[in-house]
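Values quoted throughout were computed directly from the atomic coordinates according to the rules given, and no laboratory measurement underlies them. Remember, it's a predicted structure, so these values are computed and weren't measured experimentally. Backbone-built Cβ (ideal geometry, glycine too); neighbour counts: all protein chains shown.
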Amino acid sequence: MPDDAPLTWEEVARTYGRKIYNFAYRLTGNAHDAADLTQEVLLRVRKGLAGYQPGSFEGWLWRITRNAFLDDVRRRTRKPTAALPDELDRLSSLASPAPDQVLAKVRLGEDIQAALLDLPYDFREAVVLCDIVGLSYDEISATVSAPIGTVRSRIHRGRKMLKERLQ
């Protein structure tokens, strides 16, 4: 999409919804958390779309996704939740997975997802934005508010750590 084209919320949801979910899944490692994060991002986009100033739309979108994820991590550390009883876990596992869950797991094997989740957040974020979302170094730099050299270093070191974990 051209950076200066005005988008409606529906166009954003249709065009970027799957990408947002995929990024969210790689950050959270959990389909339910990824769906919640995607919904939160789309709500924030809906609220902020009227005030969006033309520029890098995808950079703006990934910043919103990143910030929503970090806000959720901070909220969870302040208010830890108790796990549901085993009975509920057993019942929920009987339901068939949603198509997005199946698609997300097919694209990256569980061993790769586990290795990604094992990376420190800054490295995981950089690798996911580059190798899964497909952003350029410049776009990642703008998204995470870090110098391009730092982004390159995080991607290089993150890939190296990922390779070590997968061997």
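Overview of results
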{"quantity": "Burial ranking of peptide ranges 118-124, 19-25 (average Cβ count within 10 Å, highest at the top)", "calculated": "19-25, 118-124"}
{"quantity": "For region 40-79, size of Cβ-based charge dipole, Lys and Arg +1, Asp and Glu -1, in debye", "calculated": "300 debye"}
